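Contents: one structure, followed by commentary.
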Amino acid sequence: MSYGEQLISAVSRNMRDDIQAVGPVVLQPGIRKFNFWSFMYAAFICIAMLAGMNFLQAYLLEVNLGIPKGEQGFATGILATATEIVAILLIIPFGVLADRVGRQQVMIAGIFLCGLGYGLFPFATTLNELIIYRVIFAIGAAALSAMIPTVGNDYAQEKSRGRLFGFSGFMNGLGVIFMSAVLAQIPMLLSSRGFTEQQAGTGMFMAAALLCFISIVVFRFGLKGGVPQDVDEAERLPLKMMLMGGIRAARNPRIVLSYLAAFAGRSDNAIKGLFVSMWILQVAPDAGIAVPQAMGQAGKLMGLMGAVTLIWTPIFGFILDKLNRVTGMGLAMLLASIGYASMGLISSPLDNSALPFFIILAIGQGSAIIASVTLVGQEASPEERGTVIATNGWFGAVGILVASLLGGILFDRIDPSAPFVMIGAFQAAVFLFAVFVRIKAPGKSLNLSE
């Protein structure tokens, strides 16, 4: 063997030795098991904090600000609108920043601003003040929304991409359970010990802020710094070109499909967080349930959906790694459309007969989210991955904006189930487009299980 062949053989052997795996998930060269588990923690805490804000703010609207029930849908829509305008403006720049300086720094800044928002939120005395604090939170949320799918796609090899996001979906489910079974129960626990309803709510938000600040330490020492190893400094695109990377990528119909799925998929997550708790708080008086206890009931329902997501998403992740990614996307959107449209059959979310419908909803929602990030991660090039995935998040932010505004109006004027049915219709349309793409531009169908 010549010296050159020996050198190539040694380099290849070192690269193989540098590859680690966690169970069925094969990691990229240079990614350690500790990085993987730190990312899993990030998937847990970030979804708890992002979903938690939409869910927990209903308590403040009812208790701290005393907004009439007939106006809470509008107020919720306004708060969500402020959040998504910030995301629309900043999520792509955050993606570009991550491609330039690294994912870790953007993650740390994001979780800090989320913690600051949580700490300020319960001290608002007017809706306008609440909007200001929500904008602070929203800047951090935009950073985290761009980074979580980017980091996940950086860490997994192609054959394990679905499995990694299946496991991160499991951690998402744990995060929702934690938010609903622990954080959402704090007002009931404190009020039973003599605290006022307002003090109990403040305690809930302060606990969330503390968790965000603790997470800064985990991100700093657990996540890999810098940009992916397969992106050379000389290959980085000029800043102006990077900002347009997500638009250029839309020449690929499979990336267009992932963008549309993000529009429908992230909006369904927002609708669930925004309107499930508010729906329960509205019907609670007719059932003779006080506000703190109703919040606890809402937390239990969200916990049930989180448990379903926890069980289902790893299974669906394995399914995605066996299928063409476009086929997986079509299946996910079909499940999601059925789950959300089924909410139109429910009279009260407090009835036990409604539980099967919420289980179907959780299955569909979990499937849609991981299918979208898996497809876009497969199609995006490493040097623009942060930007393209952030553009995917931009479409998600637009979807949340549309769903929040229209959903709030439909909630107040038609029925509390109407926002859910609307999202089901969005998802059915994306399912039809997925069928079209699968026929016309299916992309690669690798044996990803090998």
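Structure notes:
- Residue that is surrounded by the fewest Cβ atoms within 10 Å (Cβ to Cβ), among those in the range 414-429 that are of a type in the set (Val, Ile, Thr) and in a helix (DSSP H, G or I): 421
- Across the range 41-57, a minimum of one residue is classified as touching a residue at least 40 places away in the same chain (Cβ under 8 Å), under 27 Å from residue 277 (Cα atoms), crowded, with 24+ Cβ neighbours inside 10 Å and over 14 Å from the mean Cα position of the chain (by Cα).
- Restricting the range 430-446 to residues that are in contact (Cβ under 8 Å) with a residue 24 or more places away in the chain and assigned to a helix (DSSP H, G or I), the residue that is farthest from residue 350 (Cα to Cα): 440
- Test result for residue 411, aromatic (Phe, Trp, Tyr), crowded, with 20+ Cβ neighbours inside 10 Å, closer than 27 Å to residue 303 by Cα and over 19 Å from the mean Cα position of the chain (by Cα): yes
- Answer residue from the range 229-264, given it is among the acidic types (Asp, Glu) and not in a helix (DSSP H, G or I) and is modelled with the lowest pLDDT among those: 232
- The listed residues are 112, 36, and the only one of them that is under 27 Å from residue 388 (Cα atoms), in contact with a Cys (Cβ under 9 Å, 6 or more places away or on another chain) and either at pLDDT 90 or above or among the polar types (S, T, N, Q) (or both) turns out to be 112.
- Residues located in the range 332-362, provided they are within 24 Å of the chain's Cα centre (by Cα) and outside any helix (DSSP H, G or I): 349
- From the options 367, 267, 277, 342, residue that is at pLDDT 85 or above, of a type outside the set (Phe, Trp, Tyr) and either in contact with an Asp or Glu (Cβ under 8 Å, 6 or more places away or on another chain) or crowded, with 24+ Cβ neighbours inside 10 Å (or both): 367
- Tallying residues that are of a type in the set (Val, Ile, Thr) and either surrounded by fewer than 18 Cβ atoms within 10 Å (Cβ to Cβ) or modelled with pLDDT of 80 or more (or both) within the range 284-308 yields 2.
The values are calculated or read from the model by the stated rules, or taken from the named source; none is laboratory data. Quick caveat: nothing in here was measured; it's all calculated off a predicted structure. Using ideal geometry, Cβ is built from the backbone for each residue, glycine included, and neighbour counts are taken over all protein chains shown.
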